[in-house]
Every structure is written in structure tokens, then in C-alpha cells.
Amino acid sequence: MGLFAPIYARCLVWASHHRAPGFLAAMSAAESVIFPVPPDVMLVPMTLAQPQHWRRFALICTIASLVGGLLGYVLGSYLLDALWPWIERLGWAGTFVRVQGLFTEYGFWIVFVAGFTPIPYKIFTLASGATGIGLLPFIVGSFVGRGARFFLVAGLIAWGGERLQRGLQRYIEWLGWAVAAVLLILALWLEWRG
């Protein structure tokens with residue numbers, strides 16, 4: 001029984017929908033605040049379906065992610081007390097406190113790295129507002145980090161084309177579980193360090 005293959009197949013269907021760019025924007029914005037699925041699951045099939053539009057799709061992801069990130073920043077700034085029980089319920093409290101420490105020490109660079117990597121970006125948007133990192137460094141770090149990630153992903157997918165799509169379809173289950181394992185190991189490592 002596969003978990004990731006059906007999700008990938010559903011995203012391929014969504015990618016061909018006439019409202020796919022809107023779905024991509026909504027997913028990108030929501031992922032920066034609360035949604036657990038990264039926008040790459042829409043970006044990749046959309047780019048495969050229309051490789052000539054890869055720059056447009058990457059830009060949609062980048063701008064929508066920044067808008068969602070700003071919402072997360074505002075929530076972190078003004079609503080941390082109200083959100084704290086929710087953060088604890090989700091098991092993010094320990095991670096959140098460690099991230100706050102990183103923000104104090106590294107500021108802009110932590111936002112950039114968080115924007116580029118598959119680390120849950122929503123934690124960093126909330127922590128940016130809660131720790132009081134300047135709005136301009138947050139915007140620049142988010143735009144550069146998220147933009148670099150989405151343009152790299154879309155550019156590679158557009159370049160790889162049909163050959164890459166066949167490889168993804170063949171190995172999507174293994175890739176999905178490998179990414180899940182890496183994220184679990186990273187979470188355990190962060191917990192162990194703390």
C-alpha cells in the first residue's frame with residue numbers, strides 16, 4: 001500500500017486544473033503559517049505539465065510564501081500568548097524555544113536557511129515575530145531563501161522534463177519515505193541536542 005504515490009497522482013490531476021496557479025498560491029501561503037504539506041507537491045507536477053512556465057510558478061510560490069510568512073510573523077508578534085497552547089498541543093514548544101535562541105544568535109541567516117530548506121518554515125515565521133527580528137531582515141531573508149528554493153526546484157524540474165517525471169513516478173514512494181525519515185532524524189537530533 002503506497003502513501004506518497006496517490007498523493008503525487010492527485011497533485012498531477014490538480015496541476016492540470018485551470019485554477020492550478022491559485023491552488024499553488026494558496027498552498028504556498030498556507031504552508032508558511034500552518035499547512036503541513038510543502039508547495040513543492042504542486043510546483044513539481046505543474047512544472048512538469050508546463051515546463052515553459054517554470055519561472056512563473058516559482059514566482060507564485062515565492063510571493064505567496066512570503067505573504068503567508070508575513071502572516072506567521074504577525075501571529076508570532078501579536079498572538080504568541082494565544083497561540084502557545086496550540087504550539088504545545090502540536091508538540092512544537094521545545095522546537096520553538098530552540099528556534100528562538102537561534103534567532104537571537106543568527107537573525108537574518110536563520111530565516112534564509114529556513115526558507116531554503118525543507119525544515120517546517122511555519123515554525124520560523126512564528127518565531128521571527130515572537131523573537132522580534134526586524135521586519136526588513138525577515139522579508140529579505142524569506143524572499144531570498146524561499147525564492148532560491150522554489151526557482152531551483154522548478155528550474156531543475158523544467159530542465160529534467162519527461163525523463164525526470166518517469167523517475168519520480170517510479171520512485172516517489174521511496175523518495176517520500178526517505179524525506180520523512182530525514183525529517184524524523186532531524187527532529188530527533190534537535191530534541192537530543194536540546
**Study point:** Pairs with Cβ under 6 Å, 6+ apart, first in the stretch 92-113 and at negative phi and assigned to a helix (DSSP H, G or I), second modelled with pLDDT under 75 and not hydrophobic (A, V, I, L, M, F, W, C)
**Key:** 94/194; 98/194
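Which one is nearest to residue 123 (Cα to Cα) among residues in the stretch 52-71 that are in contact with a Phe, Trp or Tyr (Cβ under 9 Å, 6 or more places away or on another chain) and of a type outside the set (A, V, I, L, M)?
Filtering first and then ranking leaves 69.
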Check your understanding: Can you tell which of 176, 161, 145 is at pLDDT below 70 and surrounded by 12 or more Cβ atoms within 10 Å (Cβ to Cβ)?
Key -> 176
Check your understanding: residue 53 versus (1) in contact (Cβ under 8 Å) with a residue 24 or more places away in the chain; (2) within 22 Å of residue 147 (Cβ to Cβ); (3) part of a helix (DSSP H, G or I): which is the lone unmet condition?
Key -> (1)
Practice item. Would you please list the contacts, defined by Cβ atoms under 7 Å and residues six or more apart or on different chains, that run from a residue in the stretch 17-39 that is surrounded by fewer than 18 Cβ atoms within 10 Å (Cβ to Cβ) to a residue that is among the basic types (Lys, Arg)? Key: 34/122
Study note, to complete from the structure: Residue set 37, 67, 33; condition in a loop (DSSP other than H, G, I, E, B) and at pLDDT 85 or above; output residue 33
**Study point:** Residue check, residue 83 within 29 Å of residue 161 (Cα to Cα), touching a residue at least 24 places away in the same chain (Cβ under 8 Å), in contact with a helix residue (DSSP H, G or I) (Cβ under 7 Å, 6 or more places away or on another chain) and not aromatic (Phe, Trp, Tyr)
**Key:** no
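Yes/no per residue for (1) at pLDDT 85 or above; (2) surrounded by 23 or more Cβ atoms within 10 Å (Cβ to Cβ):
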| site | (1), (2) |
| --- | --- |
| 100 | no, no |
| 118 | no, no |
| 126 | no, yes |
| 132 | no, no |
| 139 | yes, no |
| 154 | yes, yes |
| 166 | no, no |
Point to revise | Verdict on residue 158 being farther than 19 Å from residue 75 by Cα and either touching a residue at least 40 places away in the same chain (Cβ under 8 Å) or aromatic (Phe, Trp, Tyr) (or both) | key: yes
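The values are calculated or read from the model by the stated rules, or taken from the named source; none is laboratory data. Note that the coordinates shown come from a computational prediction; the quantities given were computed from them, not determined experimentally. Cβ atoms come from the backbone with ideal geometry, glycine included; neighbour counts cover every protein chain shown.
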